[in-house]
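S.K.: Sending over a structure as structure tokens; questions will come in a sec.
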Amino acid sequence: MIDTHAHIRMDDELKIDGLELVILSASNIEDSGVNLNLSRENDRLYPAVGIHPQDVPIEIDTAIFELEEMLIKNKQIVAVGECGMDFSRDYDLDKQTELFRGQIELAIKYDKPLIIHSRKAMDETIETLTSYKNLKGVVHCYSGGKKRISRIMNMEGEWYFGIDGNLTYEPGLQEVVLNIPKDRLVLETDSPELAPIPFKGQTNYPEYVRYVYETVSKLWKVSLEETENQIDSNARRLFQV
Ligand SMILES: [Zn+2]
């Protein structure tokens, strides 16, 4: 099993029993550095570097330059993100767009997949992404409903959908998952947020991704083993791990 999206800051958050590997997502420059350090200490942790759209730095150019320095110096980085657009709180569209485009361009230059964060901004996110060619990435914590699946699949390049612990208690999302092509689904925790049933409302840990796999196995009506084989090969293909 693979958790394709976790935020680990402290040692006690690192509960990864039964997992082959974990992709560490980053929300800012500091996080990106923490991810690099953690990945040096544990060979099951793979770092992403990136800046969240609700964490726009004062100097966008400088921050993009710092991310680029990390990409140049650390070949173990598997992705750029999380980056994207988020209109759920106050935001400056121009700055979010500039920050997002800067990271898309890094992903192209260093041939890395993108981890996309999109909240209440799916149409604008898709519009920005479609102005580039041959991108590859995951729309993390996908919330675009059934109708946008085909729009994302039709974007140039190779796109995946990341689904989290809320799958265990949201029937609407279960319906959505049944519409995602099986070879484009990856599972994640977004820990420490979004704990699945039976831990809903508590701290989430990467190893709880198991409950998301179990829910998918029931939805697909196939064994957990078959589910794991499919999902894990999707994650490995996407992140080249
Ligand atoms: Zn995240």
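S.K.: Specify which residue in the list F87, S27, G50 is farthest towards the positive end of the charge dipole of the stretch 2-239, using unit charges on the beta carbon of Lys, Arg (+1) and Asp, Glu (-1), about the Cα centre.
M.R.: Positive-most Cα among the choices belongs to F87.
S.K.: Please report the relative contact order for the stretch 83-241, taking Cα pairs under 8 Å with a sequence separation of at least 6, and give it as a percent rounded to a whole number.
M.R.: 17 percent
S.K.: Given the pairs K75/K218; K73/K133; K73/K95; K15/K109, which are separated by over 30 angstrom at their Cα positions?
M.R.: Too far apart for the 30 Å limit: K75/K218; K15/K109.
S.K.: Show me, for the stretch 154-159, the HN-Hα J-couplings you get by feeding each phi into the Karplus relation (A = 6.51, B = -1.76, C = 1.60, θ = phi - 60°), rounded to Hz, glycine and proline as x.
M.R.: Per-residue couplings from phi come out as 7, 5, 4, x, 10, 10 Hz.
S.K.: With springs connecting C-alpha atoms under 10 Å apart, model the chain as a Gaussian network and identify which of K218, K146, K95 has the largest mean-square fluctuation.
M.R.: K218
S.K.: ³J(HN,Hα) across the stretch 8-18 via Karplus (A = 6.51, B = -1.76, C = 1.60, θ = phi - 60°), whole Hz, x for Gly/Pro?
M.R.: Using θ = phi - 60°, the values come out as 10, 10, 10, 3, 6, 8, 8, 10, 10, 4, x Hz.
S.K.: Would you mind ranking T227, T4, T203 by Cβ crowding within 10 Å, fewest neighbours first?
M.R.: The fewest-first ordering by Cβ neighbours comes to T203, T227, T4.
S.K.: Tell me, what ³J(HN,Hα) does each residue in the stretch 160-169 have, in order and in whole Hz, if you take phi through Karplus 6.51 cos²θ - 1.76 cosθ + 1.60 with θ = phi - 60° and put x for Gly and Pro?
M.R.: 10, 10, x, 10, 10, x, 5, 4, 6, 9
S.K.: Moving on. Mind checking which of P53, P198, P206 has the largest fluctuation in a GNM of the chain, springs on alpha carbons under 10 Å?
M.R.: P198
S.K.: Still on this model: Amide H of G84: which non-local residues (sequence gap of 5 or more, or other chain) have their own amide H closer than 5 Å, using H built in the peptide plane?
M.R.: H117
Only the coordinates and a few stated rules stand behind these numbers; no lab work does. What you see is a predicted model; the values in this text were computed from it and never measured. Here the Cβ is made from the backbone with ideal geometry for all residues, glycine too, and neighbour counts use every protein chain on show.
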